[in-house]
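Structure first, commentary second.
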Amino acid sequence: MNKAILPSLVAAVMLSGCGGSDSSPSTPSAPKYNWQIIQLHTVKESDLKSGCIVYGTAEIDPSRVITASVANAGYNILFHNADGSVIEEHTIPAIDVPSSGIVSIDSSLVPEDGYVSLEEVDGNLSGNPDVYMFGVEKELLSHKVLNVRSTQTGSECYKGKDYRSISDTADSAALTVLQESGVSYYQTSYSADAVSGRDIASHIPVISPLPAARDTLVTAFYTSNNDQHTDLAYYGFIEPSYVYDSEDYDEITPGELNNQDLMPMYWQSAANLDLDEGSAILAIHNNQSYQWQTLYHDVDQFTIAANYSAVSHWLGLFSGVSNDSSWQFESVMAIDDQDSGLEVSLPDLAPITGVDIQQQCPTALDNAKYCIDNAGSFSEDDFALQRSHVKVLTNNNRAFYQSIYAQAKAQQPLLESSAIELSIQEIEGIELALIEGELESTQQGYFMAKYLDSRSIAETGQVSAFSDANGFIITPDDYQDLYLDMLKSSTTVVQQAK
């Protein structure tokens, strides 16, 4: 996740109406939201203009950087009724979008349970376009930065900071600590998903930029019988100045670890869950998340430093698959040091083998031309938000991709296009994803951010599995804040594709 440039979440601003001259209370006006549309791409660093945003260095060609242009061509903003039909009089075509690429969304024009969508139209010589759509239900509207994939010709670059000092890492970054007796492995964590290590205490790799910008967590482990790093022995946060270039250094100052107040704890998961190597204990220090130790499915014990003042929150991050229903899951649980154990379980889920796109929609959606029937694969009461993604080949052999974010539903209507009449020749894929918990802006933003592989889109234009073709763009700074806020709540995300 650390290599993805993920969507921007900006808090919604609620606009209030002005009161009249009488004493009656004013009626709040419907909020308006700005959607900033941009197009991610790469350019040679030597061709980058001053002030243009830089998200990071391209992986395919390190001489190029990932940046963005303001987008004002190749797309429309559509308003939809609850059944997915287009409200034509409210359509905002790209020709009406200002050169800033900022579209104003007046929520008063969106009917109850209606939607707003970004529709990208990719034309061709035959006149039959491919259509890519990103839609959100009315109550999820907020200020957003969204991308389109169509190349923008002659538009201004999107202004912003150079984030390479945050997003780029140096292959030769390392640190050294004092060697401790009986320790067989030293793990470094520059963030929760930037983890490395070595079996000796010198020149331990660190996945960080040079110079490092924040502390590095080092956790050391005694030798175990199964060659897994389970028996935590020492720990410490090492200041940025201790990180050096292992290929070009002079004098090295080793950091010190300690072993105070170590407390064993236990965890267990429901019998139907199979955890993967992404499961771990996390620690939050100085408002940054770190991986404390990996959890292994055959070892039910972990260790924390209960009175360690440098850690503000302890968390369990569990990921894997429900082996009786094939849903992938990621679950965050707060650790209470007064309680010796964690128990991981999921709401009732069934395989999505019966999920399909239906023309005969339920009574409440009589006017919907197509809808996704979730076929009882989950209970909508168990989840706060749903991502529905379809890949369809139309009868004239054109691609129709659509991602919809809405409240969890047994049947989700597809949103109609203004460019093509949807007729399904072949369903190439359906993806469902759900988030459990209170629907706060942090969880909403994290959930939407999770489903955009914007590095791939910027470098190749390709859409990978569980990734939107259009969606949020977020800076590395904003992502760190969003991810951290999400970790401080108990949240579960599940997903499955067919």
Checklist entry - For the chain, what % of the accessible area comes from carbon and sulfur atoms, probe 1.4 Å? => result 44 percent
Checklist entry - Percent antiparallel among DSSP beta bridges with both residues in the chain, to the nearest 5? => result 90 percent
Item to check | Partner aspartates and glutamates for residue 498 [C-alpha distance under 12 Å; skip if fewer than 8 residues away on the same chain] | outcome: 356, 428, 431
Checklist entry - What is the calculated FRET efficiency for residue 338 to residue 151, with r their C-beta to C-beta distance and R₀ = 41 Å, to the nearest 0.05? => result 0.15
Checklist entry - Excluding ligands, DNA and RNA, what is the solvent-accessible area per residue of segment 354-454 at a probe of 1.4 Å, expressed in Å²? => result 38 Å²
Checklist outcome for this item: Expected vector for segment 231-244, Karplus 3J(HN,Hα) from phi with 6.51, -1.76, 1.60 and θ = phi - 60°, integer Hz, x for Gly and Pro, equals 8, 5, 10, 9, 7, x, 9, 9, 5, x, 5, 7, 7, 9
Checklist entry - About its Cα centre, how strong a charge dipole does the chain have in debye, to the nearest 20, once Lys and Arg get +1 and Asp and Glu get -1 at the Cβ? => result 1200 debye
Item to check | Sites residue 139 and residue 99 - FRET efficiency at Förster radius 30 Å, r taken between beta-carbons, to 0.05 | outcome: 0.45
Item to check | Unsatisfied cross-links (Cα-Cα over 20 Å) in the set 450/488; 44/450; 144/391; 138/409; 49/161 | outcome: 44/450; 144/391
Checklist outcome for this item: Expressed as a whole-number percentage, the relative contact order of segment 373-465 with C-alpha contacts under 8 angstrom and at least six residues apart is 32 percent
Next on the checklist: For segment 41-108, what does the relative contact order come out to in percent, with C-alpha contacts under 8 Å and a separation of six or more?
Outcome noted: 25 percent
Checklist entry - Can you give the extra length, in nm with one decimal, that the chain gains between residue 106 and residue 171 once fully stretched, where that is 0.36 nm per residue apart less the Cα-Cα distance? => result 18.6 nm
Checklist outcome for this item: Counting sequence-distant residues (5 or more places) and residues on other chains, those with an amide H built under 5 Å from that of residue 257 are 178
Checklist outcome for this item: Probe 1.4 Å, heavy atoms of protein chains only: per residue, the accessible area of segment 23-89 in Å² is 44 Å²
Checklist entry - Can you list residues whose amide H is under 5 Å from residue 471's amide H, if they're 5+ apart or on another chain and H is modeled 1.01 Å from N? => result 147
Checklist entry - Which one of 194, 335, 60 is farthest out on the positive end of the charge dipole of the chain, using unit charges on Cβ (Lys, Arg +1; Asp, Glu -1) and the Cα centre as origin? => result 60
Checklist entry - Which whole-number percent gives the relative contact order of segment 157-238, counting Cα pairs below 8 Å spaced six or more residues apart? => result 28 percent
Item to check | Rounded if a/c under 1.5, otherwise prolate or oblate - segment 159-298, Cα gyration tensor axes | outcome: oblate
Checklist outcome for this item: Inter-part gap, Cα centre of segment 305-365 to Cα centre of segment 210-258, in whole angstrom, is 31 Å
Item to check | Prolate/oblate/rounded label for segment 380-482 (Cα gyration tensor, a/c 1.5) | outcome: oblate
Checklist entry - When the helices in the chain are scored as -39500 (n - 2.57) per DSSP H run of 4 or longer and the sum is shared across all residues, what 222 nm value do you end up with, to the nearest 500 deg cm²/dmol? => result -2000 deg cm²/dmol
Checklist entry - Out of [x] 57, 55, 45; [y] 73, 62, 55; [z] 63, 62, 57, which label holds the value of Cα extents along the principal axes in Å that was computed here? => result [y]
Checklist entry - What is the extension gain from residue 287 to residue 29, computed as 0.36 nm multiplied by their sequence separation minus the C-alpha to C-alpha distance, in nm to one decimal? => result 89.2 nm
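The values are calculated or read from the model by the stated rules, or taken from the named source; none is laboratory data. In this text the structure is predicted, and so the values were computed from the model without any measurement. Neighbour counts run over all protein chains shown; Cβ positions are idealised from the backbone, glycine included. Remember, those area values only see protein heavy atoms, side chains included, never the ligands or the DNA or RNA. Shrake-Rupley method; radii C 1.70, N 1.55, O 1.52, S 1.80 Å.
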